[in-house]
Amino acid sequence: MCGFAAALAFCYPQSTDHEPVLSNESKPILWVTSDTHFIAPSLHDEKHAWQLINGSAAGKDLTDQPVAIHAFVQEALKQKPTAVIITGDVTLNGELASAKSIAKRLRPLQNAGIHVLIIPGNHDIYDGWARRFKGKEQYKTTQISPEAWRKIFSDGYQHEASEDADSLSYAVNLNQNYQLLMLDDNIYTVQPSNIQPMTGGRLRPSTLNWIRQRLETAKKQHRQTLVFMHHNLYDHNSHSVGWTLDNANALRKLLAEYKVPVVFSGHIHAQDISADPSKKYPTKEIVSASFSETPGIYGVVTLTKDTFSYRTQKQNLTPYLTATQRTYPRLLNYQHHLEKDFKETQALPIVWQEARDAGLRGDDLKNATTFLAELNWRFFSGNDSGGLDTLKEMAGYKVVMGNSHLRKRAQAMLIDHNLPDHRLFLRY
């Protein structure tokens, strides 16, 4: 095996500007997902403490993640994308054992020459919620340090063209035509934490300077840049707080200056593609749905020198299930299972309380809750661009529209007036 310095010089493709490139492919393909929220099976049993956390997972499928990741890896080994990218919240709550476990499950990709490029999310580095679950109790478990992160998810750092000195951000040259900026925009402590993770994100001034340097370098090298980060560039939901980057405006201006066409993010667990509502900034943003939640998809990006093409692909577990696993309806009908789980454990409890706070009771409360849960699912699954006639036929539609406290919320989610959420094509 080549050492790191030797690998850069001899074992991997070289660009004409003497920076390493991941591939010499003229039409590279990227698979992009986010928010796997994986917890190592060794950290939990099936008993009381785990049942409580699993029951409050807010739509995340924690139980079947090993099966879903196995199927994802096997499909990638068959299709052979150039790289697989995960934009943060790789672990449930920053457990070191979870990072090591998912890295081991992804290793067959690297062994097959498929690069694995990963950045942290707000739940990954020094998360004070890191726990293991045994019997009726939960116990603190070792958290992930920045140093451990670099070592465990080393692929990107080993093949980087540059790394930011003040964060876990790095840049890789995908090929002769593209640079990928992998940004760490999270706020975390410098030592193990005893508090919950920060929801918000921010890029340090020094990191913004590094980003400018990399954009300028790519411009001189005639490379297009794509950006990957955890927090959002734009607001994607008027009712969400803390999801958009704190200093998003500074990044928007910088990306506009260098004509960056697309940013990928995660964090909100929704499949949503947006442009700047004010039309001031040209960069589009693709927010990837959580790998662990409805609608059970990942993104496929195909690049040429002058085109960008994105589409979503449904996870297909069935070909990779064991005989025993094929007896489980939830695995054979995975998308339906995720949708049902989301509506029952994430959407319904939240909107039921909202409807009750708005003064609804009895059948009105029940019907409004069902309608609002459907609206939530449509937004998070990226299926909110049509079907208005069907929604109007639901019993809860008139109830919600007749309630001044709920009407505005519903109207904001009824129709996505931005871009379609499952595909994007650009010609530069």
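What follows draws every value from the coordinates through simple rules; no lab data is involved. Keep in mind the model is a prediction, meaning the values are calculated, not measured. Cβ coordinates were reconstructed from backbone atoms using ideal geometry, including for glycine residues, and neighbour counts include every protein chain displayed.
Which of the pairs K27/K340; K280/K343; K220/K314; K60/K392; K151/K340 have their Cα atoms more than 32 Å apart in this structure? Present the calculation step by step, with values, prior to reporting the outcome.
Details: K27/K340 38 Å; K280/K343 36 Å; K220/K314 38 Å; K60/K392 29 Å; K151/K340 38 Å.
In this structure, K27/K340; K280/K343; K220/K314; K151/K340 lie more than 32 Å apart at Cα.
Over the residues of region 331-414, compute the C-alpha Rg and express it relative to 2.2 N^0.38 Å. Can you show the working numbers first?
Details: Rg = 12.7 Å, N = 84, 2.2 N^0.38 = 11.8 Å.
That ratio works out to 1.07.
Reachable aspartates and glutamates from K366, Cα under 17 Å, same-chain residues fewer than 8 places away excluded?
Once the sequence-local aspartates and glutamates are set aside, what remains near K366 is E344, E354, D357, E374, E393.
Alpha carbon centre of region 197-267 versus region 280-300: separation in Å?
15 Å
Based on the alpha carbon coordinates of region 220-259, what radius of gyration and maximum Cα-Cα distance (Dmax) apply, in Å?
In order Rg, Dmax, the Cα atoms of region 220-259 give 12.4, 41 Å.
Mind running the shape call on region 110-256? Use the C-alpha gyration tensor, a ≥ b ≥ c as the square roots of the eigenvalues: rounded below 1.5 for a/c, prolate if a/b tops b/c, oblate otherwise. Intermediate results must be reported in sequence, preceding the final value.
On the way: a/c = 2.22, a/b = 1.43, b/c = 1.55.
Oblate, because a/c is 1.5 or more while a/b does not exceed b/c.
If amide H atoms are built 1.01 Å from N in the plane of the peptide, which residues on other chains or at least 5 residues away come under 5 Å of the amide H of I187?
Counting only residues 5 or more places away or on other chains, the set is R202.
Identify all aspartates and glutamates with a Cα-Cα distance to K305 below 13 Å; exclude those on the same chain that are fewer than 8 residues away in sequence.
Those aspartates and glutamates meeting the cut-off are E25.
For region 323-393, state which trypsin sites (Lys or Arg not before Pro) are in a DSSP loop and have at most 16 other beta carbons lying within 10 Å of their beta carbon. Write down the numbers at each step before the final one.
On the way: sites: R326, R330, K340, K343, R356, R361, K366, R378, K392; in loops: R361.
Answer by residue number: R361.
Rounded to the nearest 500, what is the 222 nm mean residue ellipticity of the chain from helices alone, with -39500 (n - 2.57) per DSSP H run of 4+ residues and division by all residues? Walk me through the intermediate numbers first.
Values: 14 runs with 143 residues, N = 428.
The per-residue figure over the chain is -10000 deg cm²/dmol.
Tell me which of N111, S404, W50 sits at the most positive position along the dipole axis of the chain, charges placed on C-beta atoms (Lys, Arg +1; Asp, Glu -1).
N111
Send over the semi-axes of region 232-387's equivalent ellipsoid, whole angstrom and largest first, taken as the square roots of 5 times the C-alpha gyration tensor eigenvalues. Present the calculation step by step, with values, prior to reporting the outcome.
Numbers: eigenvalues 196, 129, 25 Å².
Semi-axes from the Cα gyration tensor: 31, 25, 11 Å.
Counting only DSSP beta bridges with both residues in the chain, tell me the antiparallel percent, nearest 5. Walk me through the numbers on the way to the answer.
Working: 32 of 57 bridges.
Expressed as a percentage, antiparallel bridges in the chain total about 55.
For region 334-419, state which GluC sites (Glu not before Pro) are in a DSSP loop and have at most 13 other beta carbons lying within 10 Å of their beta carbon. Each step should come with its number before you reach the end.
On the way: sites: E339, E344, E354, E374, E393; in loops: E393.
Passing sites in region 334-419 are E393.
Please go through region 15-98 and write out the trypsin sites (Lys or Arg not before Pro) that DSSP classes as loop and that have at most 13 other C-beta atoms within 10 Å. Please list the in-between numbers first.
Details: sites: K47, K60, K78; in loops: K47, K60.
Those that pass, being in a loop and sparsely packed, are K47.
Using Cα centres only, tell me the gap between region 328-372 and region 133-149 in whole Å.
One Cα centre to the other: 31 Å.
Given C-alpha coordinates of the chain, what is the ratio Rg to Rh with the Kirkwood estimate of Rh?
Ratio of gyration radius to Kirkwood radius: 0.97.
Please give, to one decimal in nm, the separation of the simple spin-label points placed at T327 and L426, each 7 Å out from Cα toward the Cβ.
5.0 nm
If I require 24 Å or longer along the helix axis, counting alpha carbons, and a Kyte-Doolittle average no lower than -1.0, what helices from the chain are left? Use full DSSP H segments. List each step's numbers first, then the result.
Working: long enough: 362-381 (29 Å, -0.30).
In the chain, the long hydrophobic H runs are 362-381.
Distance between Cα centroids, region 25-101 to region 384-403: provide it in whole Å.
With region 25-101 and region 384-403 each reduced to a Cα centre, they are spaced 35 Å.
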